[in-house]
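Visitor: To start, I am sharing the structure in question, which I have written as structure tokens.
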There are 2 protein chains.
Amino acid sequence: MASIAEVSADNPALEAQAAILARPATPERHMADAIRALAIDAVEAAKSGHPGMPMGMADVATVLWTRFLKYDAADPRWPDRDRFVLSAGHGSMLLYSLLHLTGYAGMGIDELKHFRQLHSPAAGHPEFGEHPGIETTTGPLGQGLATAVGMALAERMLAARFGKSLVDHRTWVIASDGDLMEGISHEAASLAGHLRLERLTVLWDDNSISIDGGTALSTSDDQLKRFAAYGWAVKRVDGHDPAQVAAALSMAMRSKKPTLIACRTIIGFAAPTKAGTAASHGSPLGASEAQAAKAALGWNHPPFEVPEGIAEQWHKAGARGATPRRAWLKRLARHPQRAEFERVTAGRLPENFHDAVAALKAEIAATKPKLASRQASQKALETLVPAIPELVGGSADLTGSNLTLVKGMGTVTPGNYAGRYIHYGIREHGMAAAMNGMALHGGLIPYGGTFFIFTDYMRPAIRLAALMRQRVIHVLTHDSIGLGEDGPTHQPVEHLASLRAMPNVFMFRPADALETAECWELALRRADGPSLLALSRQALPALRSDAGENRCARGGYVLAEADGPRQATLIATGSEVAIAMAAREALAADGIKAAVVSLPCWELFALQDEAYRAEVLGGAPRVGVEAASGFGWERWLGPDGVFIGMTGFGASAPFEDLYKHFGITPDAVAAAVKRRLA
Amino acid sequence: MASIAEVSADNPALEAQAAILARPATPERHMADAIRALAIDAVEAAKSGHPGMPMGMADVATVLWTRFLKYDAADPRWPDRDRFVLSAGHGSMLLYSLLHLTGYAGMGIDELKHFRQLHSPAAGHPEFGEHPGIETTTGPLGQGLATAVGMALAERMLAARFGKSLVDHRTWVIASDGDLMEGISHEAASLAGHLRLERLTVLWDDNSISIDGGTALSTSDDQLKRFAAYGWAVKRVDGHDPAQVAAALSMAMRSKKPTLIACRTIIGFAAPTKAGTAASHGSPLGASEAQAAKAALGWNHPPFEVPEGIAEQWHKAGARGATPRRAWLKRLARHPQRAEFERVTAGRLPENFHDAVAALKAEIAATKPKLASRQASQKALETLVPAIPELVGGSADLTGSNLTLVKGMGTVTPGNYAGRYIHYGIREHGMAAAMNGMALHGGLIPYGGTFFIFTDYMRPAIRLAALMRQRVIHVLTHDSIGLGEDGPTHQPVEHLASLRAMPNVFMFRPADALETAECWELALRRADGPSLLALSRQALPALRSDAGENRCARGGYVLAEADGPRQATLIATGSEVAIAMAAREALAADGIKAAVVSLPCWELFALQDEAYRAEVLGGAPRVGVEAASGFGWERWLGPDGVFIGMTGFGASAPFEDLYKHFGITPDAVAAAVKRRLA
């Protein structure tokens, strides 16, 4: 192998590395080296993974986890713990090493030995739910940072509700170059700066390396200047100098703004030839380089072994939070809002939820209002917002269109977090990720509005909500060509299908005001995944007056049975259910007996037993109606079914003209039935 | 109606407006007022639209279109014209007014009167293809800006190839607050700054208003500082002072960096009560406010009428480019690269394309290499890149994983645009939009790589490519659980379905090296929409040795007929075709005769005639195999079909373990067939 002197001509990082290694090794360095050694060993054992980042950021992480981060390894779910987010999720062994070393149950040495193997909590990237010390799933770059903004916001909002004696913690993020290059980082950092989320600190692993090579290949950003432009405090430090790191973290603790600390590090620190290069980023170092790296650190222990002295120091660090946690428990015990705090933290809906929803549904059933489903959603919120204090809303700058703001919510503003409504700005992706962060933090149920088409902008965050099984609710208005003049860029076509295809998403599309209330109820009751409500811009007639059973709970049901033996079954969702009902009437006039099935949630319908589904769908020829792509409809229509909907993109015109132009009308449905029966 | 003095206490913009209106009205102001009046009238007539932006930016646009922008209204397709992008697409009447006033054919007063009506080229948002003066479709915020980055890059790259005598133009963008808040603006501006795209100028409509109200509700960004951090030149001007605007545009013309000009404007300028407020943003002013706005401007002409003098001045402006265009045509006529320039500009593939592809396929058929399809794609590129000079590639920082770089391409670097490979950085969304811009600009065929999962990050730009019918090619590797250890955040499940549902996308998933070459051929030949290639990380056996006909061209075909009357048909795509083939063999050993159908492109298969499809799919029971969600597979499997694939998210483990864990194996397929036949 080439000596450091030989290769450093090509790789200036090696010279810097030699200088750092020449410093007297402190106990803190040894603690950091334990992280490095475990990361090296686990990646070698898995024959895959990312050793470079944990090796580079071990010193920074050690300072944070031994001196600043508030946590108690004995109780990973302590509500007032600091949140630590490894946005650079590929460096997962950094997190697993920390969880192991500080003594979290369930992350033993065997788990590390099974890094990246089936059923190990030490997955390739940190997966929320695999281990309680993992606060959020990360890996898709930028998501961790943006999710952390939601956590930091949730902390401020809960502190405004329950006071500092119960809610008084911070959010710390380790982010990579990639995190800061992703567009979502702009939305998240800009929002955090605007809202002055002073409890948020981002430690940027400023190692100048990405997968393709030096970051200079693709970026010339002055990141400190950029974040200062967002209203952040910024600081640059040597990430291998614990004193500098500690001073910057202290500064962040005092800051009245969110703080970005650029930690200049050497990726793959200690690797004799690969340090400072992309070669240490995403592959095992290889046996000899791994061995030499450990030798350079003076780490003479067998793989996966941490000497007792160092292990003990780490365990001590992991118990630093025990005393403050016990003090917090005492404060909780005598806190006047204890019951409410425990309720919202556990994610239990309030006692009066059922009654409030029942009253809402009864009123709608009695008055049968003709409302756009976005208006019906607003009507539902007028009941739900007062009934559920933990429900917090917002919109990506479409408040008046999404109808997401109701009286008395109050607005979250910079420095004042008592309100319940967030102006997220034109930041759909940042909004969705922040909502994930609020849900993960606990204590709040977030909903947010935008046009349905813009789910395209926030899809990675919606997917993470589904993967992490988080209760977030998206209010997605203007859900078809029914939005009219704004044209094809604003008209969803494939969006229902594309989100129905995503695992663990409940995609609701209610047909009238009563169904909208029912879908809202289901979305709120659902504690294990996101719910999406696709809502119309245009007004919809009331179709039902039965408020008893939540009929949307089965996903689909017979809204109107045929007057006699069924000759056809019309199946529709949302705004097209009224079209199907009108077609049913037209057919009846011609003596054809058709039933109408409303199918507001395919996922719930799929969960029903076969017999129920068969009864609803019936044996007669089926015609599906939806102002959207027919992709996936074969599932309900069968091979001989007919689909009336969109076959391409929309167009710009008043919505009535568009429905005619694209042939989604009662007449077209009736004609299709007749052709089918002919 | 309240007078300005009465309402200005609540609305400080009105005082500023009064001061501007008090300035002596110049001929230039009257020209700008023609835009304002047409915008007001069209929005009133349509009873929907966005008058505020055209009214606010009319002065800026007048300076640009009468003094700086290089164009000839008589030839909207002149290749060396400047590109004008209205990123703030909701202000479409600004663009339509300009096209009308400067004399573009096809945008007469009747078209403006039918603003936002069916079949009018004056759609709600500017739609590429509806009128040649519309350079790109805009509306989804941030897209125009990011697309313009691709146009500006294409100009530099073509200038490096053909010289300044043929390629010497600029890209101008009008962007809104919303454009700058979207995450994609970060990716685009950062890339442009890094690559020093000095011919790009962004005129930011800095009006402090978004839909929810003042931008202060949601943002505190210092945009000039932010763009300076990206390496841009920045300047702030009064957008209602033509002299200041012109000075800034002159500065931009001399700048060695891309330039952001913050144009301080009053939204809805001239409206007596709604100016400076969100009320003028997205709704008609209403008759009385409209009337009063015109009165304030001294515009005393009937709706949709522009006085002859003003109309003539505008027509003159529209013909400013006639002389330079004729000079350019002369230069083209005698240019040594004339034929090549005309070929690439017209989007015609080179003469030798067919032979090069034939040779590639013949070699693969002869050698039958076992390659991951991402490797097969690289192999194809090794032939295609030399054969097609206009083919330019790149990756969002996954070059070594996507295998998108082949020898001899050369890299595009800041200030040097002769290379053919772009390191887009960790900016998937910005990459996809820039690729759209390159394709729209003409002269280049862009391809770009990332992991298939990250189509989620670039979905809005993919959709625009489909809507605009642009030839862009996405190389999407690591296309299933076959990527292994990186785990569920990196494993596509619903992505095939979600992109198959999108209109006008060809979603290819080749099964071996030969199919990969065939799919590349089809993607390149396709001139009217985007092609997506989903490619495996893991190695795949060669399945065919027939290089004659491009069998993927029909979307699906019988790869292996049953040895006798079919008892089952196994239908698969990509990496699962080999699994189906192994199952076929296992079944044969048990005396069951099964055919295998490869279905690499559902869209092409759907375009075949019914008889062909029926013949391929056959009458025997069908089993589909795809390591993905089964959503949409009913279309090919029918009601009694069986699907072997994913039912939820993936997991982190070596890929062989995952295929076993999720039951996607030859044994599982064979067992499913037997159960089905039992």
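Visitor: Scan region B:174-192 and give yes if some residue there is away from every other protein chain (no Cβ under 14 Å) and buried (at least 23 other Cβ atoms within 10 Å of the Cβ), otherwise no. Walk me through how you get there before you give the answer.
Guide: In the first step, residues of region B:174-192 are kept if they are away from every other protein chain (no Cβ under 14 Å); the result is B:174.
Next, only the ones that are buried (at least 23 other Cβ atoms within 10 Å of the Cβ) stay: B:174.
Yes; the residues of region B:174-192 include at least one that is away from every other protein chain (no Cβ under 14 Å) and buried (at least 23 other Cβ atoms within 10 Å of the Cβ).
Visitor: Could you give me the residue pairs with C-beta distances under 9 Å whose first residue belongs to region A:389-403 and is on the phi < 0 side of the Ramachandran plot, whose second residue is at pLDDT below 95 and small (G, A, S) wherever it lies, and which are 6+ apart or on separate chains?
Guide: As it stands, the answer is A:T399/B:G213; A:G400/B:A278; A:G400/B:G282; A:S401/B:G282, since those pairs meet every condition given.
Visitor: Looking only at region A:462-480, count every residue that is within 11 Å of another protein chain (Cβ to nearest Cβ), among the hydrophobic types (A, V, I, L, M, F, W, C) and out of contact with any Ser or Thr (no Cβ under 8 Å at 6 or more places or on another chain) and tell me the total. Give the derivation first.
Guide: At the first step, the residues of region A:462-480 found to be within 11 Å of another protein chain (Cβ to nearest Cβ) are A:462-464, A:466-469.
From what's left, among the hydrophobic types (A, V, I, L, M, F, W, C): A:462, A:464, A:466-468.
Now restrict to residues that are out of contact with any Ser or Thr (no Cβ under 8 Å at 6 or more places or on another chain): A:466.
The number of residues fulfilling the criteria is 1.
Visitor: Return a yes/no flag: does region B:462-473 have any residue that is within 20 Å of B:G529 (Cβ to Cβ) and more than 13 Å from the chain's Cα centre (by Cα).
Guide: No, that holds for no residue.
Visitor: Okay, moving on. Conditions: (1) more than 19 Å from B:A439 (Cβ to Cβ); (2) part of a helix (DSSP H, G or I); (3) touching a Lys or Arg at 6+ places or on another chain (Cβ under 9 Å). B:C552 meets all but one. Number of the miss?
Guide: Checking B:C552 against (1) more than 19 Å from B:A439 (Cβ to Cβ); (2) part of a helix (DSSP H, G or I); (3) touching a Lys or Arg at 6+ places or on another chain (Cβ under 9 Å), the one that fails is (3).
Visitor: Still on this model: Could you count how many residues in region B:578-618 are surrounded by fewer than 22 Cβ atoms within 10 Å (Cβ to Cβ) and more than 41 Å from the chain's Cα centre (by Cα)?
Guide: 8
Visitor: Starting from region B:214-237, keep only residues that are under 23 Å from B:I267 (Cα atoms), then list their pairs with residues that are among the aromatic types (F, W, Y) and outside any helix (DSSP H, G or I) whose Cβ atoms are within a distance under 7 Å, requiring at least 6 positions of separation or different chains.
Guide: From residues that are under 23 Å from B:I267 (Cα atoms), the pairs are B:S218/A:Y424; B:D221/A:Y230; B:Q223/B:W204.
Visitor: Within the set of pairs 6 or more residues apart or between chains, which connect a residue that is polar (S, T, N, Q) inside region A:405-419 to a residue that is at pLDDT 95 or above and assigned to a strand (DSSP E or B) with Cβ atoms less than 7 Å apart?
Guide: A:T411/A:Y421; A:T411/A:H423
Visitor: Restricting attention to region B:11-34, does a residue exist that is modelled with pLDDT under 95, part of a loop (DSSP other than H, G, I, E, B) and closer than 20 Å to B:S288 by Cβ?
Guide: Yes, the conditions are met somewhere in region B:11-34.
Visitor: Condition first: surrounded by fewer than 24 Cβ atoms within 10 Å (Cβ to Cβ), in contact with a Ser or Thr (Cβ under 9 Å, 6 or more places away or on another chain) and in contact (Cβ under 8 Å) with a residue 12 or more places away in the chain. Can you find one or more residues in region A:428-437 that meet it?
Guide: no
Visitor: Out of the residues in region B:657-667 that are in contact (Cβ under 8 Å) with a residue 40 or more places away in the chain and more than 8 Å from chain A (Cβ to nearest Cβ), state the one that is farthest from B:A627 (Cα to Cα).
Guide: Per the stated criteria, the residue is B:D667.
Visitor: Which residue, of B:G282, B:G309, is at pLDDT below 95 and either surrounded by 15 or more Cβ atoms within 10 Å (Cβ to Cβ) or not in a loop (DSSP other than H, G, I, E, B) (or both)?
Guide: Values: B:G309 fails: at pLDDT below 95.
Just one listed residue meets the conditions, B:G282.
Visitor: Of the residues A:S401, A:S373, only one is within 30 Å of A:R427 (Cα to Cα), within 14 Å of chain B (Cβ to nearest Cβ), of a type in the set (G, A, S) and touching a Ser or Thr at 6+ places or on another chain (Cβ under 8 Å); which?
Guide: Details: A:S373 fails: within 14 Å of chain B (Cβ to nearest Cβ).
Result of the check over A:S401, A:S373: A:S401.
Visitor: Go through region A:500-523 residue by residue and tally those that are in contact with a Gly (Cβ under 8 Å, 6 or more places away or on another chain) and hydrophobic (A, V, I, L, M, F, W, C).
Guide: In the first step, residues of region A:500-523 are kept if they are in contact with a Gly (Cβ under 8 Å, 6 or more places away or on another chain); the result is A:500-501, A:503-506, A:509-511.
Still in the running and hydrophobic (A, V, I, L, M, F, W, C): A:501, A:505-506, A:511.
Total satisfying the criteria: 4.
Visitor: Can you find, within region A:112-134, the residue that is nearest to A:V306 (Cα to Cα) among those that are more than 9 Å from chain B (Cβ to nearest Cβ) and surrounded by fewer than 20 Cβ atoms within 10 Å (Cβ to Cβ)?
Guide: Only one residue fits best here, namely A:K113.
Visitor: Assuming B:S629 fulfils every condition listed in (1) more than 28 Å from B:L483 (Cβ to Cβ); (2) touching a residue at least 60 places away in the same chain (Cβ under 8 Å); (3) within 35 Å of the chain's Cα centre (by Cα) apart from one, which condition is it?
Guide: Exception for B:S629: condition (1).
Visitor: For region A:45-67, which positions are among the charged types (D, E, K, R) and within 14 Å of chain B (Cβ to nearest Cβ)? It would help to see each step written out before you state the result.
Guide: Of all residues in region A:45-67, those among the charged types (D, E, K, R) come to A:47, A:59, A:67.
Scanning region A:45-67 gives a single hit, A:K47.
Visitor: Right, something else. Could you tell me how many of the residues in region A:347-372 are touching a residue at least 12 places away in the same chain (Cβ under 8 Å) and within 25 Å of the chain's Cα centre (by Cα)?
Guide: Of the residues in that region, 3 qualify.
Visitor: Take region A:222-237 and flag every residue that is facing another protein chain (nearest Cβ under 7 Å), buried (at least 22 other Cβ atoms within 10 Å of the Cβ) and in a loop (DSSP other than H, G, I, E, B).
Guide: Correct list: A:Y230 only.
Visitor: When the residues of region A:485-503 are filtered to those that are more than 7 Å from every other protein chain (Cβ to nearest Cβ) and of a type outside the set (A, V, I, L, M), which remaining residue is farthest from B:G630 (Cα to Cα)? Give the steps one after another, and end with the answer.
Guide: Within region A:485-503, the first condition is being more than 7 Å from every other protein chain (Cβ to nearest Cβ), and the residues that meet it are A:491-492, A:495-496, A:499.
Applying the additional criterion that residues be of a type outside the set (A, V, I, L, M) yields A:491-492, A:495.
Details: A:Q491: 26, A:P492: 22, A:H495: 17 Å.
Filtering first and then ranking leaves A:Q491.
The values are calculated or read from the model by the stated rules, or taken from the named source; none is laboratory data. Quick caveat: nothing in here was measured; it's all calculated off a predicted structure. Glycine gets a Cβ as well: all are built from the backbone with ideal geometry, and neighbour counts include every protein chain shown.
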